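Okay, so here's the structure we're looking at.
The values are calculated or read from the model by the stated rules, or taken from the named source; none is laboratory data. Model, not experiment: these values are computed from the prediction. Counting neighbours? That spans all protein chains shown, and the Cβs are built from the backbone with ideal geometry, glycine included.
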Amino acid sequence: MLETTDNAEPLGRREQNKIDTRRAIVDAAFDLALSVGPGSFTVDQIAERAGVSRRTFFNYFHSAEDALTVRTDGFLDLALEVFGRMPEDEPLFDSIIRAFTETTRMEGLSQHGELFRMASTNPDLLRAQLHSWERAETRIADGLRARLGAGASSLYLTALVGSVLSCTKAAMRDWAANTPESAEDSGQQLEGRILSALTMLRDGFSDSPVAPAA
């Protein structure tokens, strides 16, 4: 019979504690970015607000910017999981658009949009976001390859992923330029722009250009 100790903690509980700690750090970094602006606070301030030590912070993230951009990774994880459940006989772009739509129902885009807007005035955050987009490109290509099979053309995958991400960035730039920070429905407006851009890409930009509804 295996011996156990009184303070032995179930693996499930330990993993949940890690998830909770990571989320607390991410939320603290985002709250500070909103209140004082990106680049205007330290790792120590994030750790204090999250209720963790500086050492614990660095167990999860390399920098304050990493703690901010991890939201993009989390959104992508969820979107790829949803995409993987789409019927294989469904047209590819329909699956991409439906996966995006279903993911935004579970996790809104307002915070992602605000971080994108913040990066325009903070070089360190912009650099971290660019790395996040690069990671996204690789992971989306892997997800598409799993759907299309090993024989999928590398050129096809590279062009497709690049087009999807370019349309997404274009929608975010348009949103940032035209949506007030105070807009209560900013997340919905961003979702609508990205969906419009992806739909235009799916349809080969065949429709007349019409500005998205405000």
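Observations, loosely collected:
- Tally of residues being in contact with a Ser or Thr (Cβ under 9 Å, 6 or more places away or on another chain) and not β-branched (Val, Ile, Thr) across segment 81-99: 6
- Residue pairs whose Cβ atoms lie under 8 Å apart, separated by 6 or more positions or on different chains, with the first residue in segment 101-120 and assigned by TED's automatic domain parsing to the domain that holds Arg71 and the second hydroxyl-bearing (Ser, Thr, Tyr) and assigned to a helix (DSSP H, G or I), are Ser110/Ser186; His112/Thr72; Gly113/Ser186; Glu114/Ser186; Leu115/Thr69; Leu115/Thr72.
- Test result for Arg117, over 11 Å from the mean Cα position of the chain (by Cα), closer than 17 Å to Ala171 by Cα and surrounded by fewer than 20 Cβ atoms within 10 Å (Cβ to Cβ): yes
- Test: Arg173 is touching an Asp or Glu at 6+ places or on another chain (Cβ under 9 Å), part of a helix (DSSP H, G or I), surrounded by 14 or more Cβ atoms within 10 Å (Cβ to Cβ) and not assigned by TED's automatic domain parsing to the domain that holds Ala29: no
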